[in-house]
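A short worksheet on the structure shown next.
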Amino acid sequence: MNYLAHAYLSFDEPEILVGNMISDFVKGKKQYDYPAGIQKGIRLHRMIDVFTDQHAATKKAKLLLQPAVGTYSGAFVDVVYDHFLATDTSIHSADTWMEFSTRTYRLLDPYTHLFPEKFARLFPYMKTQNWLYNYRFTWGIERSFEGVARRASYLSTDNDAFRLFEVHYDQFKQHYGEFFSDVKKLALDLLNER
């Protein structure tokens, strides 16, 4: 669900970006159907996900959401991290986050013929509704939470998770701060392995 982080941690490398964005929709050995650069992006995405789930800051952040969403807390924390990334002025200003979002869609466009079916259906909405940029707004997070709840097998869409996000906003921001430089280093280290 954390599309912004996966896009950012692709560092404007088109095939890495494609793999990083489609990875959740590519199962098992299907990853080997793609060019080497896209395969590397898929591996990067999976390493980021494992690292994120095991990070101490993520474990603390999940505890804040578990009363509302139980075992789905990780998916919601991913969205929370995207919010704080989208508002992280040490990386980009609001204007340059907009430029980043536009550039990301432009880099993905030539590869739409390679997208798995589900991501191919999702991508036009991501682009026209500018999901990547709108993570910066709390209303964007509320919508994202509703989307996660709709896809979950037993969660209601009454958005108790969003209320917890608002209540614990400063704690989530702190957890993002403890986490993000670590995951960025992980991604850079993998991409530097040529």
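The values are calculated or read from the model by the stated rules, or taken from the named source; none is laboratory data. As the structure is a computational prediction, the values presented were derived from the model and not from experiment. In this analysis, Cβ positions are derived from the backbone assuming ideal geometry, glycine residues included, and neighbour counts consider all displayed protein chains.
Observations on the model:
- Test: residue in the range 167-182 that is surrounded by fewer than 17 Cβ atoms within 10 Å (Cβ to Cβ) and part of a loop (DSSP other than H, G, I, E, B): no
- Filter pass, residue 77 being surrounded by 15 or more Cβ atoms within 10 Å (Cβ to Cβ), under 16 Å from the mean Cα position of the chain (by Cα) and within 30 Å of residue 168 (Cβ to Cβ): yes
- Residue within the range 76-88 that is assigned to a helix (DSSP H, G or I) and within 18 Å of residue 115 (Cβ to Cβ) present: no
- Within the range 63-90, the set of residues being without any contact (Cβ under 8 Å) to a residue 60 or more places away in the chain, farther than 20 Å from residue 154 by Cβ and small (Gly, Ala, Ser) comprises 90 only.
- Contact annotation: residue pairs with Cβ atoms under 8 Å, 6 or more positions apart or on different chains, pairing a residue in the range 122-149 that is closer than 14 Å to residue 86 by Cβ and outside any helix (DSSP H, G or I) with a partner that is of a type in the set (S, T, N, Q) and at pLDDT 95 or above, are 130/101; 136/87.
- Hey, residue 105 part of a helix (DSSP H, G or I), out of contact with any Pro (no Cβ under 7 Å at 6 or more places or on another chain) and within 19 Å of residue 21 (Cα to Cα) or not: yes
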